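The values are calculated or read from the model by the stated rules, or taken from the named source; none is laboratory data. Treat the numbers as computed from the prediction; the structure is a model and nothing was measured. Cβ placement follows ideal geometry from the backbone for every residue including glycine, while neighbour counts extend to all protein chains displayed. Surface areas here come from the heavy atoms of the whole protein model, side chains and all, with no ligands, DNA or RNA. Shrake-Rupley method; radii C 1.70, N 1.55, O 1.52, S 1.80 Å.
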Amino acid sequence: MLPKEEEDCCKSCSTVGCCSRRFLCISAAVLLALAAIAVAIGCATAFGIPARTPVNRYCMTSANQTGFLCDDRVTCISASNVCNGIKSCLNGEDEEPTLCSNLPKSLPGYLIFWCGNGINWIYIDEKCNGYNNCGDCSDEVGSLANCPPCGSQWWSCTSIVFQYCNCIPRSLCQDGVQHCSDWSDQYVCKK
């Protein structure tokens, strides 16, 4: 409540200084309140709760392939088990919408392999598995894939079958059907 003099002064508004002092005080109070809010926001931003650090989910599976680490920090699932519609992790973190909503962009880069055309992709555990998953053999042959030589269960040759690239399963050797361009699968390879 204002003193009687100031109240009479502001009612009559004949004295400009009296009312302008009141307006100045109210303005100063509002500005101080806004400054306090700005300082609080600045402090909260600078010293507040830190942003949530993304969980590192990179791991190596028992088959020595790059995988996805579940929340239990023990279970490592293969890359192709992520976002496949089946919850492989106990809490289902391998099927979370934030991870699976915009494939492959929403996946961590270590889980995917970009095919030679730069448009198609496969899960990293499908690279160097002997099968032509990309359709152009870029996941099996060349420096992009950097695959090791054919394993003991495979025969090295130039395949004529679209399913394979530079290795065919030994089970196809001497089966009476040509799988290699040089026929080595029928005349040289032993099961």
remark   = Once Lys and Arg are counted +1 and Asp and Glu -1 for all other residues with Cβ under 15 Å from that of Gly142, the total becomes -2
task = At q = 0.13, 0.14, 0.18, 0.19 Å⁻¹, work out log10 I(q)/I(0) for segment 45-191 with the Debye formula, treating every Cα as an identical point scatterer and leaving solvent out; two decimals please.
result = -0.70, -0.77, -1.02, -1.08
Accessible heavy-atom area order of Asp139, Asp182, Asp71, highest first, probe of 1.4 Å = Asp182, Asp71, Asp139
message = Give the separation of the Cα centroids, segment 87-118 to segment 124-148, in Å.
response = 19
inquiry  = Could you compute how much accessible surface Cys150 exposes when probed at 1.4 Å, giving the result in Å² to the nearest 10?
reply    = 40
inquiry  = Order Cys180, Cys83 by their accessible area, 1.4 angstrom probe, all chains in place, largest first.
reply    = Cys83, Cys180
inquiry  = Calculate the FRET efficiency for Asp71 and Gln163 from the Cβ-Cβ distance with a Förster distance of 41 Å, rounded to the nearest 0.05.
reply    = 0.65
ask   = So, counting K/R as plus one and D/E as minus one, what does the shell of residues with Cβ under 14 Å around Asp125 add up to?
value = -3
request  = Could you work out how far apart the two model spin labels at Ile26 and Gln178 are, taking each label as a point 7 Å from the Cα in the direction of the beta carbon, and quote it in nm?
outcome  = 9.8
key: List Arg22, Arg170, ordered by accessible area with a 1.4 Å probe, largest first   = Arg22, Arg170
